[in-house]
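Novice: Handing you this structure, nothing more for now.
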Amino acid sequence: MIPENKQFAVKDALQTAFGVNTYDDIKAITTGLSNALTFRIIVRNKPYLMKIGRTDQLSDPANYYSYMKAGSDAGIAPHVWYLSTQDKISITDFIEAKPFPMDKAKEIMPKLISKLHKLAPFHKIANNAMDKIVQKVLTARFIPDNLNGQILKNYTHIKDIYQFRSEDLVSSHNDLKPENYVFDGEHAWLIDWESAFLNDRYLDLAVVANFVVNNDEDEFKYLKNYFGESPDQYIRARFFLMQQLLHIQYMCIFILYASKSLPIRIDNVKMNFKDFHKCMWEGKIDLSNDENKLQYALVHMNQFLFNINSRRFKDSLNIISTN
């Protein structure tokens, strides 16, 4: 089960972390989209999570290992027992996942994100990769020209008005889908830190809000739990505009994924935005399936098209542009 070229490194990891050179039991974990080999191991009757990065991966785990350790030290990620950037092996506590009730998630997640964003600054990158994907997908004309034009025009307008602010650049996870936080019945823990870097605070907030914010009251409480005080109209406007940017980024990345095996048709949407995310939250939808990827792209597209025709969209652009 452990690749032959990693067996010595695993023995060394176990010896360093626990003073033994083998585990009592091991089980592969195949859920999620990560390229790493992931295992639940038992050592001295206690479960741990061991991840082994593939040797053909070009990414250097040094950054995200250090962020995972920082999260562990801050009590927002599972305890770290072993990290090796050379062998690309990590061992952490294994969190037995329990169902995450929505009412608890609405309160816990914004407070957890707030703690994350208070960590010492992560590394900064040239954050234009998603804009390139948006341009690539829209110029490839997967969707009709009239929609292409409408989407690109509004996406560009939002980007021009929004303008990233230095005070909003914080240590961010950047991939807070439900698979990347585990609820143990009392606390939620952040996992899979591979995408972490310095980013706009509203990105993490908007990703989680896709699942836990369903109306204005939810949004107000969600942002209040994050900021520790009632959000003003400027905060709510930035949050709303980030949600719109995210809709198009998700639309484009998942169209790109799905197009590798499927023709792109936009007239067969099976669920609305709220219901799709509810099913994702409940584990009923698997995004490793290309048809589901396409459906996910389309629910984001439709939500964006609905939102840009709302009064709130116009008001939000005006609030940000005049402050």
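What follows draws every value from the coordinates through simple rules; no lab data is involved. The structure presented is a predicted model; accordingly, all values stated were derived computationally and were not measured. Positions of Cβ are backbone-derived with ideal geometry, glycine not excepted, and every protein chain shown enters the neighbour counts.
Novice: For residue 111, list the aspartates and glutamates whose Cα falls under 13 Å from its own Cα; do not include residues on the same chain fewer than 8 positions away.
Specialist: 204, 229
Novice: Restrict the search to the stretch 209-269; then list the trypsin sites (Lys or Arg not before Pro) that DSSP places in a loop and that have at most 16 other Cβ atoms within 10 Å of their Cβ.
Specialist: Within the stretch 209-269, the qualifying trypsin sites (Lys or Arg not before Pro) (loop, at most 16 other Cβ atoms within 10 Å) are 260, 265.
Novice: Return the FRET efficiency for the residue pair residue 312, residue 290: r is the Cβ-Cβ distance, R0 is 35 Å, and the value is rounded to the nearest 0.05.
Specialist: Between residue 312 and residue 290 the formula returns 0.60.
Novice: Indicate the gyration tensor shape class of the stretch 4-93 (rounded, prolate or oblate), computed on the Cα atoms with a ≥ b ≥ c the square roots of the eigenvalues: a/c under 1.5 is rounded; otherwise a/b larger than b/c is prolate and the rest oblate.
Specialist: The shape class here is rounded.
Novice: Here is a follow-up. Tell me, 200, 175, 267, 192 in order of fewest to most beta-carbon neighbours within 10 Å? Walk me through the intermediate numbers first.
Specialist: Numbers: 200 20, 175 17, 267 5, 192 23.
The order, fewest Cβ neighbours first, is 267, 175, 200, 192.
Novice: Return the lysines within reach of residue 153: Cα separation strictly under 18 angstrom, same-chain partners fewer than 8 residues apart disregarded; answer none if there are no such residues.
Specialist: In chain and number order, the partners are 132, 136, 314.
Novice: Shifting gears a bit: Within 10 Å, Cβ to Cβ, of residue 21, how many net charges do the neighbouring residues add up to if Lys/Arg are +1 and Asp/Glu are -1?
Specialist: On the way: positive: 11; negative: 12.
It works out to a net charge of 0.
Novice: May I pose another question? Length gain on complete extension for the stretch residue 104 to residue 272, per 0.36 nm per residue less the alpha carbon to alpha carbon distance? Walk me through the numbers before you get to the answer.
Specialist: Working: separation 168, 0.36 × 168 = 60.48 nm, distance 2.36 nm.
Contour length minus Cα-Cα distance gives 58.1 nm.
Novice: May I pose another question? Per residue of the chain, what 222 nm ellipticity follows from adding -39500 (n - 2.57) for every DSSP H run with n ≥ 4, rounded to the nearest 500?
Specialist: -15500 deg cm²/dmol
Novice: Let me ask something else. Using Cα pairs closer than 8 Å and at least 6 residues apart in sequence, work out the relative contact order for the chain, in percent. The partial results should precede the final answer.
Specialist: Values: 449 pairs, mean separation 50.3, N = 323.
RCO, the chain: 16 percent.
Novice: Once fully extended, how much extra length lies between residue 20 and residue 234, figured as 0.36 nm per residue of separation less the alpha-carbon to alpha-carbon distance?
Specialist: That pair, residue 20 and residue 234, stretches by 71.5 nm at full extension.
Novice: Something else now. Could you give the alpha-carbon Rg of the stretch 226-323 over 2.2 N^0.38 Å, rounded to two decimals?
Specialist: Working: Rg = 15.7 Å, N = 98, 2.2 N^0.38 = 12.6 Å.
That ratio works out to 1.25.
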